[in-house]
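**Student:** Pasting in a structure now, in structure tokens, and then I'll have a few things to ask.
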Amino acid sequence: LGLTLDLPVPSPDFFVYSQGLGFHYPPGALAPDGAGDFFILLPFDRLGSLVKPGVLEAYRLGGGTKG
């Protein structure tokens, strides 16, 4: 993955929301079942160099051109 640690493994259950990307982990995936669902939210403005230049603007995401 290129991260310091390979945990948690990126969830295949991800979504795009108005402010960024989200990853969902069901109960038991990151913590005991009783902790419930976990959502990790990654705002577009924190993606930095992880996204090719112009991609967010092309899809009108993360401060790109609004129309």
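**Student:** Taking segment 13-35 as the region of interest, how many residues are closer than 21 Å to Val55 by Cα and part of a loop (DSSP other than H, G, I, E, B)?
**Tutor:** Residues of segment 13-35 that are closer than 21 Å to Val55 by Cα, as a first pass: 14-23.
Subsequent filtering for residues that are part of a loop (DSSP other than H, G, I, E, B) retains 18-19.
So the count comes out to 2.
**Student:** On the given criteria, is Val9 loosely packed, with under 12 Cβ neighbours inside 10 Å and either β-branched (Val, Ile, Thr) or modelled with pLDDT of 85 or more (or both)? Outline the logic, then answer.
**Tutor:** Working: loosely packed, with under 12 Cβ neighbours inside 10 Å: yes; either β-branched (Val, Ile, Thr) or modelled with pLDDT of 85 or more (or both): yes.
Answer is yes for this residue.
**Student:** Here is a follow-up. Would you check which residues across segment 36-62 are open to solvent by 60 Å² or more (accessible area, probe 1.4 Å) and outside any strand (DSSP E or B) and list them?
**Tutor:** Step one: filter segment 36-62 for residues open to solvent by 60 Å² or more (accessible area, probe 1.4 Å), giving 37-41, 45-46, 49-50, 52-53, 57-60.
Within segment 36-62, Asp37, Asp45, Arg46, Ser49, Leu50, Lys52, Pro53, Glu57, Ala58, Tyr59, Arg60 meet the criteria.
The values are calculated or read from the model by the stated rules, or taken from the named source; none is laboratory data. It should be emphasised that the depicted structure is a prediction, and the values quoted were computed from it without experimental measurement. Every residue, glycine among them, receives a Cβ derived from its backbone with ideal geometry; neighbour counts consider all protein chains shown. These area figures cover heavy atoms from the full protein model, side chains too; ligands, DNA and RNA do not enter into them. Shrake-Rupley method; radii C 1.70, N 1.55, O 1.52, S 1.80 Å.
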